[in-house]
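Asker: I am attaching a structure below and will ask some questions about it afterwards.
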Amino acid sequence: MFWQEDINKEDFTLSDDVQDCVFSIRSKILPIDHAYILSQALCKHLPWLVEVNAGIHDISVADGNGWEQDHESGFYYPSKRSKLSIRIPKEKLEAVQSLVGKTLDLGKYQIQISKQLNSKLMSDIQILFAKYVACDVQMQEADFLKTCHRQLQALGIKPKKMMAGLERNIKTPHNVINTRSLMVADLQKSESITLQKKGIGKYRLLGCGLFVPQKSIKSVDAL
């Protein structure tokens, strides 16, 4: 854990130049580790994703919310509430609409994209959470936080509170990517927007380094 006090209040106006495009989907079953095959399927339909600072959120499962998952088998069963979310620049909003009505081919699995919902602007909330932050090697918590601290400072962000959470691996045909979850709190509003737009680390199209609003500070061990 990394913890400092305190932050100054600031006036801030939200921008819309980066947004999360959200789609309703239908899928019978997906592997829990689906980042690579989802990225490959989306890039077939939207090849420009590799050319912009885009990010693909994993299709998450939340325990206790009625979504069935089986960690032992490595699969889960998306519900009607499951969503596909892609973080893209504003100028690509029209291009991404072509996904509606398409079926993403993930090899043994398919995802039908049934409807586009309202896009979400980046939030000015002062607590952000990333489920995956990529590490080149497995790290102790203190080393991971130091690395994240350097990356945040490179973006002009002065982090005051950070908490590391679960370690997870993302498998690709080429390698296994080590990741860890990270919460960053007490951000200035401008810092929060910057972090959501830029992210930290590599593999944005595999869901790494993508930060989302977190309502409160709590243990990230279960996230």
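The values are calculated or read from the model by the stated rules, or taken from the named source; none is laboratory data. The shown structure was predicted, so the numbers you read here are calculated from the model rather than taken from an experiment. Note that we place each Cβ from the backbone using ideal geometry, even for glycine, and neighbour counts take in every protein chain shown.
Asker: Which pairs turn up if I take residues in the range 97-123 that are surrounded by 14 or more Cβ atoms within 10 Å (Cβ to Cβ) and outside any loop (DSSP other than H, G, I, E, B) and look for partners that are at pLDDT 95 or above and among the acidic types (Asp, Glu) with beta carbon separation below 7 Å, at least 6 apart in sequence or on another chain?
Answerer: 120/20
Asker: For the range 137-150, how many residues meet the condition of being in a loop (DSSP other than H, G, I, E, B) and surrounded by 13 or more Cβ atoms within 10 Å (Cβ to Cβ)?
Answerer: Taking the range 137-150 and keeping what is in a loop (DSSP other than H, G, I, E, B), we get 137-140.
With surrounded by 13 or more Cβ atoms within 10 Å (Cβ to Cβ) added as a condition, the list becomes 139.
Counting residues in the range 137-150 that are in a loop (DSSP other than H, G, I, E, B) and surrounded by 13 or more Cβ atoms within 10 Å (Cβ to Cβ) gives 1.
Asker: Continuing with this model, one more query. Would you check if residue 186 is surrounded by 15 or more Cβ atoms within 10 Å (Cβ to Cβ), more than 16 Å from the chain's Cα centre (by Cα) and acidic (Asp, Glu)? Can you show your working first?
Answerer: Details: surrounded by 15 or more Cβ atoms within 10 Å (Cβ to Cβ): yes; more than 16 Å from the chain's Cα centre (by Cα): yes; acidic (Asp, Glu): yes.
Considered against the rule, which asks whether it is surrounded by 15 or more Cβ atoms within 10 Å (Cβ to Cβ), more than 16 Å from the chain's Cα centre (by Cα) and acidic (Asp, Glu), residue 186 comes out as yes.
Asker: Any residue in the range 23-31 that is in contact with a helix residue (DSSP H, G or I) (Cβ under 9 Å, 6 or more places away or on another chain), within 22 Å of residue 212 (Cβ to Cβ), at pLDDT 95 or above and not assigned by TED's automatic domain parsing to the domain that holds residue 129?
Answerer: The answer is yes; a qualifying residue exists.
Asker: Here's something else I'd like to know. Would the range 137-151 turn up any residue that is in contact (Cβ under 8 Å) with a residue 24 or more places away in the chain, under 26 Å from residue 84 (Cα atoms) and of a type in the set (Phe, Trp, Tyr)?
Answerer: no
Asker: Take the range 72-131 and flag every residue that is small (Gly, Ala, Ser) and within 28 Å of residue 214 (Cα to Cα).
Answerer: Residues of the range 72-131 that are small (Gly, Ala, Ser), as a first pass: 73-74, 79, 82, 85, 95, 98, 101, 107, 114, 119, 123, 130.
Once the filter is applied, which keeps residues that are small (Gly, Ala, Ser) and within 28 Å of residue 214 (Cα to Cα), the range 72-131 yields 74, 79, 82, 85, 114, 119, 123, 130.
Asker: Of everything in the range 169-194, what is within 26 Å of residue 19 (Cα to Cα) and either in the same structural domain as residue 34 (by TED's automatic domain parsing) or in contact (Cβ under 8 Å) with a residue 60 or more places away in the chain (or both)? Give them in sequence order.
Answerer: Of everything in the range 169-194, those that are within 26 Å of residue 19 (Cα to Cα) and either in the same structural domain as residue 34 (by TED's automatic domain parsing) or in contact (Cβ under 8 Å) with a residue 60 or more places away in the chain (or both) turn out to be 170, 186, 187, 188, 189, 190, 192, 193.
Asker: Continuing with the same structure: Read through the list (1) under 12 Å from the mean Cα position of the chain (by Cα); (2) within 15 Å of residue 55 (Cβ to Cβ), then give the number of the only condition that residue 194 fails.
Answerer: (1)
Asker: Among (1) in a loop (DSSP other than H, G, I, E, B); (2) at pLDDT 95 or above; (3) surrounded by fewer than 12 Cβ atoms within 10 Å (Cβ to Cβ), where does residue 153 come up short?
Answerer: With respect to (1) in a loop (DSSP other than H, G, I, E, B); (2) at pLDDT 95 or above; (3) surrounded by fewer than 12 Cβ atoms within 10 Å (Cβ to Cβ), residue 153 is out only on (1).
Asker: Further question on the same structure: Return the residues of the range 203-218 that are modelled with pLDDT of 95 or more and in a loop (DSSP other than H, G, I, E, B); say none if nothing qualifies.
Answerer: 203, 207, 208, 209, 210, 211
Asker: Residue 133 fails exactly one of the following numbered conditions: (1) among the aliphatic types (A, V, I, L, M); (2) modelled with pLDDT under 95; (3) surrounded by 15 or more Cβ atoms within 10 Å (Cβ to Cβ); (4) touching a strand residue (DSSP E or B) at 6+ places or on another chain (Cβ under 7 Å). What is the number of that condition?
Answerer: (2)
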